[in-house]
Amino acid sequence: MPNTPAAAKSPLRRAALCPLAAALLALAAATPFAQQPKDLRRQDSPLTRDPRRPSAYEYENESRNSQIGREVDIAIKQGNDAFDAGPARYEEAEQAYQHAAELNPKEARAYLGLGRVYAALNRVPETLAAFRKAVEIKPKMAEARFNLGQVLFVTGKRDEALEQYEALRKLDEKLAARFKEFMDKH
């Protein structure tokens, strides 16, 4: 079949096209790019955009994220100060750590602080939940594994405590040795 416009319109040629492909081609021809609403089009092309010059959106997003990071650090510091005060201000510390967790739910330090506060207040279920969340977010946080292991051991969940000990041995030998001493004493 010669490559002519008449050959392209032949019934055999049209039958060879997949019905889905034909529908997509017809749809694409009916709505050219220029007629699409502006909000559906990409505002800046990655081919023409200079990566050294961030867009207004990227600048605003980076600014917002750094501000949230500073607020999280301030809230955690306030929580630590309230917890370490003599006498400890547990309610204030709890509020500060909760605020940090609300600002950034993936901040393991906030859950570690909450776990310390709950442990001091003898609120075992909340303590376990907070330390588990800290370990879930940051599995290599040795202090969270140490604290979780201690609480698990004291509450009679010795198998889970030993799992935390084994993980802790790979992360921090000194903390693992302290945890081993703790288990031997109790």
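The numbers here are math on the coordinates, done by the rules we state, and not lab data. Remember, it's a predicted structure, so these values are computed and weren't measured experimentally. Cβ sites come from the backbone with ideal geometry, for glycine too, and all protein chains shown count toward neighbours.
Here are the numbers:
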| item | result |
| --- | --- |
| Order of Glu58, Glu92 - criterion: other Cβ atoms within 10 Å of each residue's Cβ, fewest first | Glu58, Glu92 |
| Mean projected area in nm² (Cα convex hull; one quarter of hull surface) for the stretch 46-171 | 10.4 nm² |
| Relative exposure of His186, His99, judged by other C-beta atoms within 10 Å (fewest first) | His186, His99 |
| Sites Ser66 and Glu173, calculated FRET efficiency, Cβ-Cβ separation with R0 35 Å, nearest 0.05 | 0.50 |
| Contour minus Cα-Cα distance for Thr155 and Asp73 (0.36 nm per residue) | 26.3 nm |
| Stokes-Einstein D in µm²/s, Kirkwood radius over Cα pairs - the stretch 102-141 at 25 °C with 0.890 mPa s viscosity | 250 µm²/s |
| Two-site label geometry, Asp184 and Tyr57: point separation in nm, points 7 Å out along Cα→Cβ | 6.0 nm |
| Under 12 Å, Cβ to Cβ, from Leu152 - net charge with Lys/Arg +1 and Asp/Glu -1 | +1 |
| Eligible aspartates and glutamates near Lys106 by straight Cα distance, threshold 15 Å, same-chain separation 8 or greater | Glu71, Asp73, Glu136 |
